[in-house]
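Below: the structure, in structure tokens.
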Amino acid sequence: MNDTMLETRGLAIGYRRARASDIRLAQGLNLQLQRGKLTGLLGPNGIGKSTLLRTLAGMHAPLDGAVYLANEKVRTLRPRELAKRLSLVLTDAPRMGLMTGYELVALGRLPHSDWLGKLSANDLQMIEWALDAVSATALAGQRVAEVSDGQRQKLMIARALAQDAKLMLLDEPTAYLDLPRRMDIMRLLRQLARHGGLAILVSIHDLDLALRNCDQLWLMQNGTITAGVPEDLVLDGNLGDTFKTDGISFDDSSGTFVIERVAGHGVSVSGNGARALWMRRALERTGYRIDKHTNAAAIATVERETGPEWQLRVNGQQSRHQNIAAVLDSLKDAKL
Amino acid sequence: MTQLAQQGPGTALASRELRATVSATLRKRSTLAGIGIGRQRLILLLMIVVLGALLMTSLALGSVSIPLDNIVSALLSGHSDQSAWTNIVLKFRLPKTLTAMLAGMALGVSGLLMQTYFRNPLAEPFVLGVSSGASLGVALVVLSTAGGGSAMLAGLGLAGDLLLSAAAGLGAAVTMSLVLLVALRVRSSLTLLIMGLMFGYLVSAIVSLLLYFARPERIQAYINWTFGSFSGVTAAQLPILAGIVMAGLLMAATMVKPLNALLLGEDYARSMGMNLHRTRLGIVLATALLVSAVTAFCGPIAFIGIAVPHLCRGILRSSNHRLLLPATCLVGAIVAIGASIIAEMPGHNLVLPLNVITALLGAPVVMLVILRQFRGR
């Protein structure tokens with residue numbers, strides 16, 4: 001069985017201009033989306049992620065090459081046929097006035113219903129299934145305008161599910177959501193891909209969530225896209241390169257971005273555990289350099305692992321402090 | 001969730017207890033939905049009853065009082081106790097009432113089409129500029145005909161009416177072709193909206209210029225046209241109006257699905273299988289047909305087009321076009337006939353301008369409905 005649901009061959013994306021040369025955002029793209037896999041699209045702002053998604057969805061003409069769904073060009077498929085194969089979720093949820101959650105999800109059945117949009121028993125079953133799959137059955141009777149951003153985005157995904165297309169493209173569906181909601185949506189997408197047999201492409205800004213949930217990543221940079229398993233992309237340095245900015249770098253060992261600071265005065269922190277970790281974070285944040293050596297200008301010592309007190313030694317002078325704020329104040333006053 | 005998804009879309013639910021909870025929720029919801037739909041059907045039925053009552057009222061009221069049984073027999077058999085009564089009912093009151101009904105339906109539905117297509121609650125049938133084109137046609141005829149024509153127009157004789165209708169129709173048709181040309185080329189509905197509005201300004205400027213140089217009695221004739229009236233359509237002209245309005249309404253009826261899809265915007269509508277190009281043309285053509293027919297025969301009737309869709313949403317508490325389309329038809333007809341009855345001031349000889357009534361009485365009602373709908377938000 002061929003698992004490839006979408007393929008690009010020599011695809012170039014961008015914009016044609018009337019009296020100027022084309023704006024090429026990326027070219028020579030030979031990419032694939034497979035059934036059962038969640039693919040994350042990552043790249044800095046303005047690099048062309050949305051244009052890529054719109055081109056893949058057939059809403060925007062490619063500059064070169066083509067997008068294929070099972071050997072058929074996406075641009076030549078009739079809208080209704082395309083809608084049965086590919087569904088879409090965008091960042092902005094439109095104002096929906098009086099529409100209820102159920103009515104919103106029911107819109108997903110439009111490509112399958114007759115000219116009046118009358119829903120068959122099968123349509124109704126699909127709507128129930130889609131609502132249940134995103135755990136939004138309770139929202140069915142509520143007005144979409146009155147649910148939270150996260151709930152609304154779940155309903156939009158349920159609507160895309162009800163469309164019964166094996167391919168789903170999502171353009172930053174988690175942009176306006178807080179972290180738990182973002183995790184919730186990404187977990188949902190992973191499960192839909194893995195257990196529902198869908199091929200899902202999601203553009204996302206949250207690197208950590210992408211690393212933890214996606215089966216494959218597309219890194220968009222310098223007019224091209226590097227595809228691979230997330231962990232490979234971390235280890236071969238591709239991920240770090242993609243997001244490289246002055247003063248910020250990707251730390252392979254922690255899997256997060258770290259702010260590179262101009263080396264300040266060294267402070268040594270002795271002790272282990274959570275208290276020592278957060279003291280180091282506080283010192284880094286305020287511009288000190290964590291020094292592993294005990295001959296640093298200042299030494300902060302965790303007195304007891306759970307105790308309330310901090311011991312600070314600066315230039316041989318000892319002082320005791322109740323919390324991190326007091327330690328920082330004392331260091332500032334010491335004028336290292 | 002995992003178990004459910006494993007079976008993929010459309011298959012039966014997996015575990016028994018899940019199935020039980022889901023079906024329990026569904027039962028609860030479908031009864032709720034059932035009540036909702038029952039309530040909405042009841043409202044539609046009520047609207048039909050009100051419309052029927054208003055139709056009869058409109059036929060029964062007038063400067064000559066005719067017994068109700070004579071009106072019915074005149075309608076059904078074409079005879080009544082006095083031939084004058086038959087004439088009044090069949091040649092004056094019936095065409096006027098049917099014109100009001102058709103115009104109300106056309107304006108209500110075209111307002112709904114425009115508000116949904118432009119996703120803008122302030123959109124109305126006239127935003128495409130079609131009625132501006134009609135008014136230019138009328139202004140050209142009324143304000144610039146040679147001296148001989150003015151007596152005819154001032155008397156508003158039958159030939160004058162027909163000439164006005166023809167001028168308005170021609171103006172509307174030319175504008176409609178222009179709008180369709182634009183609609184074929186532009187990418188977004190916003191561009192079309194701005195083009196329509198700008199065209200309206202352009203035409204108003206030309207009309208103002210004509211007014212500036214026109215003689216006072218001509219200006220009065222033009223202003224009379226802008227007041228709007230359902231009384232100018234004769235029994236012979238009625239089939240033309242009815243034919244065009246019915247064609248426009250039928251077109252609108254075939255677009256229930258794309259209209260519902262458009263509630264999410266053009267991008268989503270396209271992703272759900274809608275042919276954007278065809279839908280845009282359909283909506284513009286249907287609106288242009290409806291608006292140009294009404295404007296040509298009745299003048300620029302304001303307010304009904306913008307207010308009726310809001311009223312219907314507020315009453316039905318729904319944005320589903322399968323409900324809204326018939327509802328805007330019915331409520332549009334109700335409002336138009338109601339306004340025409342009030343404008344003739346039963347019991348007085350005075351006839352007020354139609355546009356005064358529609359806005360004066362309608363605006364407060366719509367304000368109330370909208371304030372209630374959004375609960376002061």
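The values are calculated or read from the model by the stated rules, or taken from the named source; none is laboratory data. In this text the structure is predicted, and so the values were computed from the model without any measurement. Backbone-built Cβ (ideal geometry, glycine too); neighbour counts: all protein chains shown. Remember, those area values only see protein heavy atoms, side chains included, never the ligands or the DNA or RNA. Shrake-Rupley method; radii C 1.70, N 1.55, O 1.52, S 1.80 Å.
Structure notes:
- All-pairs alpha carbon distance profile, region A:66-214, 10 Å steps from 0, percent: 11, 41, 36, 11, 1
- Degrees between helix A:149-162 axis and first principal axis of chain A (Cα, 0 to 90, nearest 10): 40
- Residue by residue along A:183-194, Cβ atoms of other protein chains within 10 Å of the local Cβ number 1 on average.
- Residue A:232-residue B:226 pseudo-label distance in nm [points 7 Å out on the Cα-to-Cβ vector]: 7.2
- Amide H within-cut-off set for residue A:266, under 5 Å, with H built and near neighbours excluded: A:289, A:297
- Expressed per residue, the C-alpha convex hull volume of chain A stands at 202 Å³.
- Tilt relative to chain A, helix A:179-196 - C-alpha long axis, 0 to 90 degrees, to 10: 50
- Taking Cα atoms only, the orientation of helix A:324-334 departs from the longest principal axis of chain A by about 50 degrees.
- Partners for residue A:292 among aspartates and glutamates (Cα-Cα distance below 17 Å; same-chain residues under 8 apart left out): A:284
- In the calculated pair-distance distribution of the protein assembly as shown, the portion above 37 angstrom amounts to 55 percent of the Cα-Cα pairs.
- Label positions at residue A:9 and residue A:334, each projected 7 Å from the Cα along the C-beta direction, are separated by 6.8 nm.
- Selection of chymotrypsin sites (Phe, Trp or Tyr not before Pro), region B:277-377, meeting DSSP coil and at most 16 other Cβ within 10 Å: B:374
- The mean number of partner chain beta-carbon atoms within 10 angstrom of a residue's beta-carbon across peptide B:260-267 is 6.
- Relative to the current alpha-carbon distance between residue B:162 and residue B:77, full extension at 0.36 nm per residue lengthens the span by 27.7 nm.
- Computed E for residue B:209/residue B:236 - FRET, C-beta separation, R0 30 angstrom, nearest 0.05: 0.30
- Against the criterion of solvent-accessible heavy-atom surface with a 1.4 angstrom probe, B:215, A:35 sort, most first, into B:215, A:35.
- Compared with the direct C-alpha span, the chain from residue A:315 to residue A:222 gains 28.5 nm at full extension, assuming 0.36 nm per residue.
- Label-point separation, residue A:34 to residue B:348 (7 Å along Cα→Cβ), nm: 8.1
- Rolling a 1.4 Å probe over the protein chains gives residue B:227 an accessible area of about 70 Å².
- The convex hull of the Cα atoms of region B:226-284, projected and averaged over all directions, covers 5.6 nm².
- Only protein heavy atoms count here; under a 1.4 Å probe, residue B:39 has an accessible surface of about 110 Å².
- FRET efficiency for residue A:277 and residue A:187, using Cβ-Cβ distance with R0 set to 30 Å, rounded to 0.05: 0.65
- Qualifying lysines (Cα of each under 26 Å from Cα of residue A:244; at least 8 residues distant if same chain): A:49
- Hydrodynamic radius of region B:275-377 per Kirkwood, over alpha carbon pairs, in Å: 15.3
- Summarising the overall dimensions of region B:333-372 from its C-alpha atoms, the Rg and Dmax are 11.4, 37 angstrom.
- Dimensions of region B:100-376 along the principal axes, based on C-alpha atoms and rounded to the nearest Å, stand at 59, 46, 36, largest first.
- Region A:144-277: proportion of alpha-carbon pairs further apart than 22 angstrom, %: 51
- Rounded to the nearest 100, the interface formed by chains B and A buries 3900 square angstrom of accessible surface, both chains summed, with a 1.4 Å probe.
- Here residue B:48 and residue A:70 are evaluated by their C-beta separation; at R0 = 51 Å the FRET efficiency comes out at 0.55.
- Estimated D of region B:94-141 in µm² per second, where Rh is the Kirkwood radius over Cα pairs and Stokes-Einstein applies at 20 °C, 1.002 mPa s: 178
- With all protein chains modelled, accessible area of residue B:229 [1.4 Å, Å²]: 50
- Think of a 1.4 Å ball rolled over the protein heavy atoms: the protein assembly as shown then has 47 Å² of accessible area per residue.
- Kirkwood-based Rg to Rh ratio, region B:214-348, C-alpha trace: 1.05
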